[in-house]
Each structure stands twice: as C-alpha cells, then as structure tokens.
Amino acid sequence: MIVLKFGGTSVGDAAAISRAADIVAGRRDRRPVVVVSALGGATNALLAIAEQASSGHLIGAIRGIEVLRERHLRECDALLADSPACGEVAAEMSAMFDELASLAEALSTLGHATPRSMDAIAAFGELMSSMLVTEAFRMRGIDAMHIDARKVVITDDRFMQAEPKLDMIADRVRELVLPLVRENKIPVMGGYIGGTMAGVTTTLGRGGSDYSASLIGATLGVDAIEIWTDVDGMLTADPRVVSGAQLIEQIRFDEASELASFGAKVLHPNTIAPAVRVGIPVFIYNSRNAAGTGTRITFDAPRRPVSAIAGKGDVTVVKVRAPRMLLAYGFLRAVFEIFERYQTSVDVVSTSEVSVSVTIDDARRLDALVVDLRALGDVSVERNRGVVAIVGAGIGDQGNVMGRALLALGDLRVHMMSLSATGINLTIIVDGMRVNETLRLLHDEFFGTGNGR
C-alpha cells in the first residue's frame, strides 16, 4: 500500500486533476489511498470570506462565495461533462455553497468569527475537492470511493490547529479505509480537515494536508507516502530566490523536518513525525513532471555537512536580560513557562550568563508576553528580523561550517547565531530584508552556484 497526497496546485483545475488521475492509475497495483487538498487558493479564499462576513462586509463575502462557486462548477463541467454524475456533483456542490452563504450571513449577524466557525468554513475546500476528484477518477476507469475525512481523522477541539487522536484514527482507518483497499478500491479523502468525537469539524492547521497523509500512512503501515506538488522535490534552496538551487535526491528525515520548520514550503513540518515513528519513506514529486526522480526522505540518506539552506522573514526576536540570572537556577524555566502560558512557540534560542534571546514566528500575543517577561528582567523586542538555517546532519562533523558561513556573509550584520544541540542546523538571524541576500551568499559558499551579490 501507498498514500498519494496531491497538493492544491496538483488538483487546481481540470487539467491538474486529470494528471493526478494518470498518476493514480499508474500506481493501482500498489493499492493507493489518495489524500487531496482544496483546489489551489480555495482555502485562502474561504478564510477571507469568513473574515469579511464577520467584519460586516457581507456583500463582499457573498461575492467571494459566488466566485468560488463558479470556479468549482466550471472545473466540474470540464472534468465530468460526459458523465451522468456531472449534474449530481454540481448540484451537491451548489448546495454546499448555499450552506456556506448561510454561514457567512450568520457570521455577519454575530459580528465575529470563532475558531470553530473558521474551521467549519475552511473545511468546504477539501470536502468539495475530494468529492470532485473522486468522480473524475471514476470517469477515467479508477474504482475510487469518497470518504469524509472528518469521520477518519479524529481530533481534539483545538479549532484551527487540532491535535489528532492517533488511537482513534487507527480504529477509524481499520473500519473505513482498510476494507476498501482490500476490495481493490481506491479511497479518496480531503486532507487538512478532521472532526471531534462529537462530529464537530476541525482543521489541522495550514499545510495540514501533508500531516493527514502521514497520519493515514502511518496507521496503515504503508510502504511509502508520496507528496505530489508543483516542484521537482526538495531543493538546496528556494528556487524563487536562488536560481541555481539543486535537487536533493535523498535527504534524511531529521534534515527534511528542520528545513520544513525553517521555511522550506514544499513540506509541512508535522508531515515527517508520523512517518518517522514507523520508518515509512516519504517521496516528494512534481505532478507536472511525473517522470522526475523527486526527493526520497528516509533514515539511510547520505550524511552531508550541508544538505540545504532555508530562510524565512517576519520573525521577532525577544531578549530578556537579568543580572540575577548569573549563577541562578530555574531562570530559563521561568522564561519558557511564560511562552508556554501564551501558547507561543520558540524557534531559536541563544543564552549568555545574564541574558536569553529567542525568536518567535507568531507575535499575536507578544504584548502580553512582554508584560509577564518584565517581571523577570529587562525586555527588548526586535521586529522584522529573518532567520536563515544551514541544515546538514554532518555539520557537527566538520568544524569549519560556521567559519565559512561568517566569511561568506562578509559585512552583512548578524544579530544572533545558534548551533542546535544535535548539530544538525546552524541558524543565523539577520535583518528581514536581507534574508534573500543571505540565502544567496550562503548557497554560493556551500554549493558554488554563482548567485552572490
């Protein structure tokens, strides 16, 4: 068995869905289970509709719903025009859009959107795309069966970032998915969405379709998980920034996870975890280039000093300085308990005898955080920073990576630098506007592609 996950661009229109059907047809002998995202851009549009409606802009929200309705019906007609199921699918999708309009009206009346209501609206994208993809597969001779992912991916009720309940998911997979596979049918379900035990719709957070695929794959014990996207695999850097970025044919699980956490868009950070636990290899392929070699993510990939470089902007640095930290115990625990209290994740940490500096991506609770941190010492905040990560399982094997990185950056200002405890990544904090320049300079140094200043 294998799990095939198709991202938004890989099911973005009728042509993309037809390519996905060809890919699935070519893997029928491997007993695939298919997980699909919403049509490319649909989730963003749905969230915008919710925000518009709750802000009192109901006309704009309804207009957005009609644009999405026209798009889905257009792709339905292009895919299923010659099928008796076309009218039935179109009618079902129209009914779902009517329900979406009713939800928008309710949000407009209430004047605010709760996380639960945001999940209810965001889920429409995967529900409709999985239904449309299933019928498109059937029309092309693939014995596909649609499964409502909300009945399989059971989660808690942390709406907008729900936590999967693995034991319950395993039970539902054995009950609803595995029997279809044994009958040589191909289950198709939406990614990103789930449901509580009470049947309330949840989502796994942005990029969660990859996570869904990994959860399903891990519970089934599949031979491989394939992520189909719009790039040839994982690259040594973002090709939109570094023109000489190179394909990585094999990469280790821990390296891929680090790259995803530090800005590599091709993979969701949580994707790796369920696969790692049971040793399932993950492949990344380009649905527009199905014959490509892609990237294989596994335990036994080569151990390289530097495998790739990733970066992201819009990072905030928080510094806490307290002279009483010197020779004291428990200070760092007190600092991180505050971040835990406000559910704010910390990425990079650097300490001295009397200070600690951390980076955060999510600054929504920053003001409250700073108030509590000031009870511990002097607090300063630096906004608009960027983080660049040099990732390689063998960084610690060679002592010259940090020196080479600093020499390559020349007079570019570095605000903070940290080598992870495992020695797998070297993170560098720079001005946000200098992230791309930093990426190019470092890529030049370690991969020699001539993209420097």
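The values are calculated or read from the model by the stated rules, or taken from the named source; none is laboratory data. Note that this is a predicted model, so its numbers are computed, not measured. A quick note on method: Cβ atoms are made from the backbone with ideal geometry, for glycine too, and the neighbour counts reach across all protein chains shown. Each accessible area value is taken on the protein alone, full model and side chains, heavy atoms only, with ligands, DNA and RNA left out. Shrake-Rupley method; radii C 1.70, N 1.55, O 1.52, S 1.80 Å.
Potential lengthening of the chain between MET96 and ARG63 amounts to 10.3 nm, from the contour at 0.36 nm per residue minus the alpha-carbon distance. Could you calculate the FRET efficiency of VAL414 with VAL371 from 1/(1 + (r/R0)^6), where r is the beta carbon distance between them and R0 is 30 Å, rounded to 0.05? The computed FRET efficiency comes out at 0.55.
Restricting to DSSP H runs of at least four residues, report the calculated mean residue ellipticity at 222 nm for the chain, -39500 (n - 2.57) per run over all residues, nearest 500 deg cm²/dmol.
Here the helix-only value at 222 nm equals -12500 deg cm²/dmol.
Taking square-rooted eigenvalues a ≥ b ≥ c of the alpha carbon gyration tensor, is the stretch 130-209 rounded, prolate or oblate, where a/c under 1.5 means rounded and, failing that, a/b exceeding b/c means prolate? Oblate, since a/c reaches 1.5 and b/c is not below a/b.
Normalise the Cα radius of gyration of the stretch 261-389 by 2.2 N^0.38 Å (N = residues in it) and let me know the number.
Rg over 2.2 N^0.38 Å, computed on Cα atoms: 1.37.
Of all aspartates and glutamates in the structure, those lying under 14 Å Cα to Cα from LYS319, and not within fewer than 8 positions of it along the same chain, are ASP347, GLU353, ASP367, ASP372, ASP378, GLU382. What the Cβ-Cβ distance of ASN384 and GLU183 gives, at R0 = 45 Å and to the nearest 0.05, is a FRET efficiency of 0.25.
For the stretch 15-83, what value does the Rg/Rh ratio take when both radii are computed over Cα atoms and Rh is the Kirkwood radius, given to two decimals? Write out the running numbers ahead of the final one.
Numbers: Rg = 16.3 Å, Rh = 14.3 Å.
The Rg/Rh ratio comes out at 1.14.
Eigenvalues of the alpha-carbon gyration tensor of the stretch 339-442, scaled by 5 and square-rooted, set the equivalent ellipsoid semi-axes at 27, 16, 13 angstrom, largest first.
Calculate what fraction, in whole %, of the accessible area of the stretch 131-186 sits on carbon and sulfur atoms when a 1.4 Å probe is rolled over the protein chains. Percent of accessible area from carbon and sulfur atoms in the stretch 131-186: 44. Of the trypsin sites (Lys or Arg not before Pro) found in the stretch 276-349, those that fall in a DSSP loop while having at most 14 other beta-carbon atoms within 10 Å are ARG303.
Using the Cβ of LEU426 as centre and a radius below 14 Å, the other residues enclosed give a net charge of -3, where K and R count +1 and D and E count -1. Rounded to the nearest Hz, the phi-derived 3J(HN,Hα) couplings of the stretch 307-320 under the Karplus curve 6.51 cos²θ - 1.76 cosθ + 1.60 (θ = phi - 60°) are 9, 6, 10, 10, x, 8, x, 6, 9, 10, 9, 10, 10, 10, where x marks glycine and proline. Taking only protein heavy atoms and a 1.4 Å probe, what accessible area per residue, in Å², does the chain have with all protein chains in place? Each residue of the chain exposes 43 Å² on average to a 1.4 Å probe.
Quick check on the chain: take the gyration tensor over C-alpha atoms, sort the square-rooted eigenvalues as a ≥ b ≥ c, and tell me if it's rounded (a/c under 1.5), prolate or oblate. Judged from the Cα gyration tensor, the chain comes out prolate (a/c at least 1.5, a/b above b/c).
Scanning the chain for DSSP H helices at least 15 Å long along the axis (C-alpha atoms) with a Kyte-Doolittle mean no lower than -0.5 picks out 14-25, 42-54, 58-80, 85-110, 124-139, 208-220, 331-341, 435-447.
Listed by chain and number, the lysines placed with their C-alpha closer than 16 angstrom to that of LYS265 are LYS5, LYS312; residues fewer than eight positions away on the same chain are left out. Take the Cα of GLU353, step 7 Å toward its Cβ, do the same at ARG277, and the gap between the two points is 4.5 nm.
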